[in-house]
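Heads up: the structure comes next, in structure tokens.
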Amino acid sequence: MPDKASLAKGPKYKRILLKLSGEALAGENGYGINVDVLESIGDQIKSIADLKVEIGIVIGGGNIFRGIAAATHGMDRASSDYMGMLATVINGLALQDMLERRGVLTRVQSAIEMHELAEPYIRRRAERHLEKGRVVIFAAGTGNPFFTTDTAAALRAMEIGAEVIMKATKVDGIYDKDPVKHKDAVMFKELTYIEVLQKELKVMDSTAISMCMDNNLPIIAFNLNQPENIKRVVMGEKVGTIVRGEAK
């Protein structure tokens, strides 16, 4: 639970970009959408929307289809990436429904036009939605194959003027190796962009990290499964691992 000092000061960030992996929506099922997990995410997002924080969300599609994985089995990479983009739209619509059932006004904007389901991505329209207190879910990645949703998150964050990318994961932060496979894995509290690239840490792909480095956009990786972690990060508590230009 956020500490009293943080609550007294109010949110540290006014506008954020929350990056959710598709795998996070699957929970322990490993595939598809786990409704209990979706409800928990909805509750956490509502808690920060109630604080008047402006929220953009980029969501992956790995719980339904992973383009890179399919390409390794011989499928055309461009075709498989487009299929992955469609999976992110499914996840975005599911999250929109969960949020609106909680009274949180939400818009889905898709980089691939599909007017019956979502708005087309228009930067200025997205900014107006955020200013009016609506959560904006950016679906279909960048709309281009060969780019991950990590890169889409970095791109959208910079386009909307987000102050931070909040990367929600299944572990507590960024480790020197996979903590699920290695019990002696060590978690970093702070890293620079260069350290992430040099150590080949897998928090986000190198294109996304480079974009954040070029624009001095901090990244905070944290555990989505810990209740109220999203709110704690927004309030400025030291949760997870922060990646920025210079460790302080």
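The values are calculated or read from the model by the stated rules, or taken from the named source; none is laboratory data. Model, not experiment: these values are computed from the prediction. When we count neighbours, we look across all protein chains shown, and the Cβ atoms used for this are built from the backbone with ideal geometry, even at glycine. Ligands, DNA and RNA are excluded from the accessible area calculation, which covers all protein heavy atoms including side chains. Shrake-Rupley method; radii C 1.70, N 1.55, O 1.52, S 1.80 Å.
Tallying residues that are polar (S, T, N, Q), at pLDDT below 90 and either farther than 23 Å from G173 by Cα or open to solvent by 30 Å² or more (accessible area, probe 1.4 Å) (or both) within segment 4-40 yields 1. The lone criterion from (1) touching a residue at least 40 places away in the same chain (Cβ under 8 Å); (2) under 21 Å from E28 (Cα atoms); (3) surrounded by fewer than 21 Cβ atoms within 10 Å (Cβ to Cβ); (4) not charged (D, E, K, R) left unmet by A78 is number (2). Looking only at segment 218-231, decide whether some residue is modelled with pLDDT of 95 or more, part of a strand (DSSP E or B) and among the small types (G, A, S). Checked segment 218-231: at least one residue is modelled with pLDDT of 95 or more, part of a strand (DSSP E or B) and among the small types (G, A, S).
Residues that are in a loop (DSSP other than H, G, I, E, B) and out of contact with any strand residue (DSSP E or B) (no Cβ under 8 Å at 6 or more places or on another chain) were ranked within segment 9-38; the one that is nearest to K238 (Cα to Cα) is K12.
Among the residues making up segment 182-193, those that are closer than 15 Å to T241 by Cβ and either open to solvent by 80 Å² or more (accessible area, probe 1.4 Å) or in a loop (DSSP other than H, G, I, E, B) (or both) are A185, V186, K189.
Residues are listed down the side, and each one gets a yes or a no for (1) within 14 Å of the chain's Cα centre (by Cα); (2) closer than 15 Å to T241 by Cβ:
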site	(1), (2)
F138	yes, no
R156	yes, no
I165	yes, yes
K170	yes, yes
V180	no, no
E200	no, no
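Looking only at residues that are without any contact (Cβ under 8 Å) to a residue 60 or more places away in the chain and not charged (D, E, K, R) in segment 56-67, which one is surrounded by the fewest Cβ atoms within 10 Å (Cβ to Cβ)? Looking at the filtered set, the residue picked out is F65. Checking each residue in segment 39-84 for being of a type in the set (A, V, I, L, M) and out of contact with any strand residue (DSSP E or B) (no Cβ under 8 Å at 6 or more places or on another chain) picks out L51, I64, I68, A69, A70, A71, M75, A78, M83.
Hey, does segment 92-115 have a residue that's modelled with pLDDT under 95, polar (S, T, N, Q), assigned to a helix (DSSP H, G or I) and at negative phi? No, every residue in segment 92-115 fails to be modelled with pLDDT under 95, polar (S, T, N, Q), assigned to a helix (DSSP H, G or I) and at negative phi.
Against the criterion of being surrounded by fewer than 22 Cβ atoms within 10 Å (Cβ to Cβ), farther than 19 Å from I160 by Cα and under 18 Å from the mean Cα position of the chain (by Cα), L86 qualifies. The set of residues in segment 97-113 being more than 17 Å from G143 (Cα to Cα) and open to solvent by 40 Å² or more (accessible area, probe 1.4 Å) consists of D97, E100, R101, R102, G103, L105, R107.
Looking at segment 132-172, which of its residues are open to solvent by 10 Å² or more (accessible area, probe 1.4 Å) and either closer than 13 Å to I220 by Cβ or of a type in the set (D, E) (or both)? Selection gives D150, E159, A162, E163, K167, T169, D172.
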